[in-house]
Amino acid sequence: NLPCVALLLPTGIPLSRTVRCFCIKIDDRPIKHRAIGKLEIIPASQSCPRVEIIATMKRTEEKRCLNPESEAIKSLVKSVSKKRWVSCCSFRKWKL
């Protein structure tokens, strides 16, 4: 007879505890609306516990992670969301 082994995992706890956020560092520098080519908002998920806002700059294609708690960034997101948005891959992207 072979022993029976049961593996019990509590529900709601991810098997992997690795955090995979896109943003490693948050950039608090001021940003001009006209300099942004694309704005992406990635909601919190099991793989990353925080909301991430990524701005791609028009001229340099540099990606900057913006502080979602900043009043200036909240205002920027609000103004952009009134204009046009495209839903893709469970997060929002705006081309400005």
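The values are calculated or read from the model by the stated rules, or taken from the named source; none is laboratory data. Since this is a predicted model, take the numbers as computed values, not measurements. Because the Cβ atoms are built from the backbone with ideal geometry, glycine has one as well, and the counts that use them run over all protein chains shown.
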The range 28-44, residues that are surrounded by 14 or more Cβ atoms within 10 Å (Cβ to Cβ) and either basic (Lys, Arg) or in contact (Cβ under 8 Å) with a residue 40 or more places away in the chain (or both): Ile31, Ile36, Gly37, Lys38, Leu39, Glu40, Ile41, Ile42
Return yes when Glu52 is in contact with a Gly (Cβ under 9 Å, 6 or more places away or on another chain), over 15 Å from His33 (Cβ atoms) and either at pLDDT 90 or above or surrounded by 16 or more Cβ atoms within 10 Å (Cβ to Cβ) (or both) and no when it is not. no
